[in-house]
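Presented below is the structure to which this report refers.
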Amino acid sequence: MAKFNSSNIRNICLVGHGGDGKTSLAEAMLFLAKATDRLGKTSEGNTVCDFDPEEKKRGISVSSSLAHIEWNGTKINILDTPGYFDFVGEVKEALRVAETAILVVDAKSGLKVGTELAWDYAHGIARAFFVNKTDDENANFQNVLEGLREKFGSSVCPVFVPFNEGSADIGYYNLLNDKAYKFDKSGKPVETELPAQYKDKMDSYMKELDESLAETSEELMEKFFAEEPFTHEEKSEALKKGLLDGSISPVFAGSATNLSGISTLLDSIVASFSSPLDRKEQAVVDAEGKTSKITATEDGPVRLFVFKTLADQFGKKSYFKVMNGCLKKDMVLTNLTTGQQEKFARLATAIGSKEIAVDEFAYGDIGVTVKLVNTNINDTLASDASAQVKYAPISFPTPYYGMAIVPKAKGDEDKISSGISRLLEEDYTLKFVNNAETRQMVIYGIGDTQLDVVSSKLKTRFGTSVELTLPKVPYRETIKKRVQVEGKHKKQSGGHGQYGHVKIEFSHGESEGLEFTESVVGGAVPKNFFPAVEKGLLESMQKGILAGYPVINIRANLFDGSYHEVDSSEMSFKIAANLAFKEGMKQGGAVLLEPIGELKVTIPDSLMGDIIGDLNKRRGRIMGTEQADRKGYTVVLAEVPQAEMLSYAIQLRAMTQGRGSYTYEFVRYEEAPADVAQKVIAEAKKEQAEE
């Protein structure tokens, strides 16, 4: 494979709504550049970028993938990403190392939620559009363009546009060079004449483009107002400048399945899209967590950033971007997070699952290596370990949607835990909790599809079958009244007997645990048995009398009792304390407590009424609203019982078409309503009976 300098590298990320054709576009690019010898289809499960068994089975992308091509002497690294909301972590990984995001949009259905979210995720890098499927009989490029400009502003401007849409005689007009083209079956552009009836439309598009290009320099602005035409060179240079500073988001059109417009897009990527040299300023984080900027150098010390890993039973692949210097085979770098020294014995560039060994990577290039000892996503590795320059990490969303993992075969718990730990290495939007209290293994993610994929991977990669069920809610129990009770344990069975007798006043405590005091007078209970009484109460609090949940907020004062000089022991007083505790719970008005959390849900302003109505149905208390960082959005603050939040991630997505997001944090326990408590207690007793 040829060596590429940093100026001849382009890192592009394909993003957008699911089903709009990102993987098909990547496939068309690979085929035209002769990186593959056939044009794969997602429906047939034979595309280069969707190589994971889950992707082939489902016909969708569930993971970001890397593929590269060579076009006009330039290496283009293509990062293909999933369009389904559950896999947002994969999108953020890929965008972190790209210089340009290409938002793929369906020419028929136009702007969708996934497009809006992708635009937000790509903030800070160049953004362009590819309107796909323009050969569809219901395609309407004009409507799509208007929708994009209305949503994202006048920075969105046409560059390569179709005419005769939806017909076999479809053509395209390049507004940069004022020429019309048609494409043959091999994807080769053939120059043609623009039909006269489309001239006015092209003039209108040209005006939109020139207006946007004029914003990039004073010279072009003067020519625009003087109504002087821009030269082709001026247009190309202005497009490059506008992409770099974010003032222009060009729109290209074509059809990935018919190879129309793909070569034009690739030509523009080479000519006008940013290279790593155009974006040398990098965000770094110091030991105190403060963010600053540094400037990369091509020939300085080697530093790289790991943005993705793939883990299976055979090991782990690490995907990285060279952030400084030139990485060469057999180099030893230090992981600035773990301190581990890592040898890069093998370097490779990828075309999907296929890897091509190379000897070095220039600054800005993206590659893959294997067998790193202790390196994970977001790690910085460097030849100058003393510099302690860590690149800003990828910000992953917190997973709140949890499901309990139930093994189908007994004894598979260890295999499940081992498999999950490997999957956690490659997906930072997953969280795993082995809850000793509820005796459940719970996996948390972004949504149900993601967790279904996890379930499938456990079977295919690690050989263990599981079922997913709703997790149990960690309820608590306490008392409301102040009561005085006694507990007496007396047992005689020949020889030394057992005797312990306590009188304890129980009441509701302020602190979550046990507040134990003693006010015994006259030595009714010797001091050396006080710790045994306290220990007996603590052990008793592990399981309440209503539904077997832990007991909290208990104040207990040992005020009297009795003992036997021979038969009393620590064990006897522990048992007596347990008897007193049970009686205290019975007389003290035991109640079930449910966990309450603070919910912050960010939603479009237009949906506020629906969301508040839904939260009221979930027994939520609305605490107020505040302005969101995103224009047109509001944050609703509420306190909601955890039991009502188990499937909220799925239902919020449905209510907001994927636009809503939320955070949820536990704040306290509150007494559960009578109907809720009755249901929980009945279910607990049923489970206890079955055990």
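The values are calculated or read from the model by the stated rules, or taken from the named source; none is laboratory data. All values derive from a computational prediction rather than experimental measurement. Positions of Cβ are generated from backbone atoms using ideal geometry, with glycine treated the same way; all protein chains shown enter the neighbour counts.
What to note about this one:
- The single condition among (1) in the same structural domain as Glu671 (by TED's automatic domain parsing); (2) more than 18 Å from Val635 (Cα to Cα); (3) free of Cβ contacts under 8 Å to residues at least 24 places away in the same chain that Arg619 does not satisfy is (3).
- When segment 137-156 is limited to residues that are in a loop (DSSP other than H, G, I, E, B) and in contact (Cβ under 8 Å) with a residue 40 or more places away in the chain, the one that is surrounded by the fewest Cβ atoms within 10 Å (Cβ to Cβ) turns out to be Ser154.
- Restricting segment 607-629 to residues that are surrounded by 15 or more Cβ atoms within 10 Å (Cβ to Cβ) and of a type in the set (Gly, Ala, Ser), the residue that is nearest to Gly660 (Cα to Cα): Ala628
- Boolean, Ser217 is within 42 Å of the chain's Cα centre (by Cα), modelled with pLDDT under 90 and not acidic (Asp, Glu): yes
- Check on Arg653, assigned by TED's automatic domain parsing to the domain that holds Gly613 and assigned to a helix (DSSP H, G or I): yes
- Segment 20-124 holds strands (runs of 3 or more DSSP E) entirely within its bounds, and those carrying 2 or more residues that are under 23 Å from Asp135 (Cα atoms) map to 100-106.
Per-residue answers, yes or no, for (1) of a type in the set (S, T, N, Q); (2) crowded, with 16+ Cβ neighbours inside 10 Å; (3) at pLDDT below 95; (4) in a strand (DSSP E or B):
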position: Thr297; (1), (2), (3), (4): yes, no, yes, no
position: Leu304; (1), (2), (3), (4): no, yes, no, yes
position: Met323; (1), (2), (3), (4): no, yes, no, yes
position: Thr337; (1), (2), (3), (4): yes, yes, yes, no
position: Ile356; (1), (2), (3), (4): no, no, yes, yes
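- The residue list Val485, Val433, Val442 contains one member that is loosely packed, with under 15 Cβ neighbours inside 10 Å, modelled with pLDDT of 90 or more and within 30 Å of Tyr669 (Cβ to Cβ), which is Val433.
- Asp605 fulfils the conditions (1) without any contact (Cβ under 8 Å) to a residue 60 or more places away in the chain; (2) under 29 Å from Tyr664 (Cβ atoms); (3) in contact with an Asp or Glu (Cβ under 6 Å, 6 or more places away or on another chain) except for a single criterion, (3).
- Strands (runs of 3 or more DSSP E) within segment 511-629 that include 2 or more residues among the small types (Gly, Ala, Ser): 554-562
- Meets criteria (under 30 Å from Gly513 (Cβ atoms) and aromatic (Phe, Trp, Tyr)) for Tyr662: no
- Flag if Val667 is surrounded by 13 or more Cβ atoms within 10 Å (Cβ to Cβ) and either over 23 Å from Phe87 (Cα atoms) or of a type outside the set (Gly, Ala, Ser) (or both): no
- Selection count, segment 358-396, where residues are in a loop (DSSP other than H, G, I, E, B) and not aromatic (Phe, Trp, Tyr): 21
- For segment 409-465, a tally of residues being over 23 Å from Tyr319 (Cα atoms) and aromatic (Phe, Trp, Tyr) returns 2.
- In the set (1) charged (D, E, K, R); (2) surrounded by fewer than 20 Cβ atoms within 10 Å (Cβ to Cβ); (3) modelled with pLDDT of 95 or more, Asp379 fails one condition alone, (2).
- In summary, Val370 fulfils each of the numbered conditions (1) among the β-branched types (Val, Ile, Thr); (2) surrounded by 15 or more Cβ atoms within 10 Å (Cβ to Cβ); (3) out of contact with any Gly (no Cβ under 9 Å at 6 or more places or on another chain) with the single exception of condition (3).
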